[in-house]
1. If I filter segment 329-344 down to residues being open to solvent by 50 Å² or more (accessible area, probe 1.4 Å) and out of contact with any helix residue (DSSP H, G or I) (no Cβ under 7 Å at 6 or more places or on another chain), which single residue comes out as farthest from VAL197 (Cα to Cα)?
2. Give the residue that is nearest to ligand 2 (Cβ to nearest atom), with candidates limited to residues of segment 301-314 that are of a type outside the set (Phe, Trp, Tyr) and closer than 22 Å to TRP78 by Cβ.
3. Could you check HIS161 against (1) at pLDDT below 95; (2) closer than 25 Å to VAL294 by Cβ; (3) touching a His at 6+ places or on another chain (Cβ under 9 Å) and say which number it fails?
4. How about segment 240-337: which strands (runs of 3 or more DSSP E) wholly inside it have at least 1 residues that are over 23 Å from GLY184 (Cα atoms) and either modelled with pLDDT of 95 or more or of a type in the set (Ser, Thr, Tyr) (or both)?
5. Is it true that some residue in segment 117-132 is without any contact (Cβ under 8 Å) to a residue 40 or more places away in the chain and touching a His at 6+ places or on another chain (Cβ under 7 Å)?
6. Looking at VAL212, is it open to solvent by 50 Å² or more (accessible area, probe 1.4 Å), hydrophobic (A, V, I, L, M, F, W, C) and closer than 21 Å to PRO25 by Cβ?
7. Does segment 307-324 contain at least one residue that is within 16 Å of ligand 1 (Cβ to nearest atom), of a type in the set (A, V, I, L, M) and open to solvent by less than 50 Å² (accessible area, probe 1.4 Å)?
Amino acid sequence: MASIPESFENNNNNKNPISLDHIIPPDFKNILKLPTSHIWTPSPDDHHPLTNNSEPVPIVDLASPDALALTAKASEKWGIFHVTNHGIPVNLLSEVEVQTRKLFELPVSQKLLAVRSPEGLTGYGLARMSPYFPKQMWHEGFTIMGSADHHARQLWPHGHHITFCTVMDEYQKQLKALTERIIGLLFKSLGLTQDDVKWLKPKNGSITSQAVLQLNSYPVCPDPGHAMGLAPHTDTTLLTLLYQSNTSGLEVLDDSNGWVTVQPLPGALVVNIGDLMHIISNGRFKSVLHKAVVNQTHHRISLAYFYGPPMDAKVSPAMKLVDPDHPPLYRPVTWKGYLDAKKKDFYKALGSIKYDVNDKNECN
Ligand SMILES: O=C(O)CCC(=O)C(=O)O
Ligand SMILES: [Fe+2]
């Protein structure tokens, strides 16, 4: 089975190696005027986000007896929601934030010691979606898969890597359990049992999921109105769990209200339905377009925990959700295949696996 590092590789069989311009972040602290390379022309739907008069993004209290129904409703209407009473200790959240800030506050020369390789997935660098856009984002990231030890030693050769890795290991362990719990709720709300989605598990049973922890940093920006933190995208995952600390910046595109700010809720985590969950739910759960904006006063950080099935497991609309009135919307696809589709045409990946009305429908 392909492992995540192979499958996420940028090499495209070395036909299109990613240029270093799309990997190496600039020294944001020393940029006093937004360079042309970072100026984004506003698009028609880039109007000011509605923070006051639009309906707020829902909050699901996981300890509530209504958690199941609320999760389903929020996933159908929004594709994104806050969770409270999630069981991740507040001091662990504060600690991951401290460690993340420590990393991004290192001098650029030191951060570059842990830069992601052109073929690689993990380490320090610009957003992996950078090559798909003509302009640069006001963003730097650090990607972890499993242990961060290798790159953390490059950042901190004199010992701090141990604390950093201990905190990130614990966070990943707890987030994995929470993500699986929320996925269980989502499946249950769709009427699916473990058996209905057993094809999500690999045949040899050795690896049951794949996950990536992405630390995002949005430095203070001299001209936030013309800059972009993270360009609009949907997540390629089953589910993403985001911790956005206390600085706002995350916005989601609401069909009727345009861009809506997901205001940080102290101690809460944000759950974001990914494209693969949208496919399994046969379009019932929304995979929402979201982006991150930047600001002039606060260095914003966020941590995104991306969770998906084994790379080679076939993902398709669940059979139970398909009937003559609800034909399958998408063709079966592996996560690996879907990532390749996204590499080919970033915004058209879902469309590329959508059944044509004339197709003979089949599903798992
Ligand atoms: O920083 C944020 O609020 C959003 C991050 C995000 O969407 C991502 O990492 O995929
Ligand atoms: Fe995202």
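The values are calculated or read from the model by the stated rules, or taken from the named source; none is laboratory data. All values derive from a computational prediction rather than experimental measurement. Every residue, glycine among them, receives a Cβ derived from its backbone with ideal geometry; neighbour counts consider all protein chains shown. Note: areas computed on protein heavy atoms with side chains; ligands, DNA, RNA excluded. Shrake-Rupley method; radii C 1.70, N 1.55, O 1.52, S 1.80 Å.
1. Residues of segment 329-344 open to solvent by 50 Å² or more (accessible area, probe 1.4 Å): 329, 331, 336, 340, 344.
Now narrow it down to the ones that are out of contact with any helix residue (DSSP H, G or I) (no Cβ under 7 Å at 6 or more places or on another chain): 329, 331, 340, 344.
On the way: LEU329: 17, ARG331: 16, ASP340: 23, LYS344: 28 Å.
Once the filter is applied, the top-ranked residue is LYS344.
2. At the first step, the residues of segment 301-314 found to be of a type outside the set (Phe, Trp, Tyr) are 301-304, 308-314.
Those left that are additionally closer than 22 Å to TRP78 by Cβ: 302-304, 308.
Working: SER302: 9, LEU303: 12, ALA304: 6, GLY308: 13 Å.
By that ranking, first place goes to ALA304.
3. So the condition that HIS161 fails would be (2).
4. Working: elements: 250-254, 258-261, 269-273, 290-292, 300-308.
So the answer is 250-254, 258-261, 290-292, 300-308.
5. Pass one, segment 117-132, residues without any contact (Cβ under 8 Å) to a residue 40 or more places away in the chain: 117, 123.
If we keep only those that are touching a His at 6+ places or on another chain (Cβ under 7 Å) as well, we get 123.
Looking for residues that are without any contact (Cβ under 8 Å) to a residue 40 or more places away in the chain and touching a His at 6+ places or on another chain (Cβ under 7 Å), one finds at least one in segment 117-132, hence yes.
6. Numbers: open to solvent by 50 Å² or more (accessible area, probe 1.4 Å): no; hydrophobic (A, V, I, L, M, F, W, C): yes; closer than 21 Å to PRO25 by Cβ: yes.
Judged against the criteria, VAL212 is not a match.
7. Residues of segment 307-324 within 16 Å of ligand 1 (Cβ to nearest atom): 307-308.
Now restrict to residues that are of a type in the set (A, V, I, L, M): none.
No, segment 307-324 contains no residue that is within 16 Å of ligand 1 (Cβ to nearest atom), of a type in the set (A, V, I, L, M) and open to solvent by less than 50 Å² (accessible area, probe 1.4 Å).
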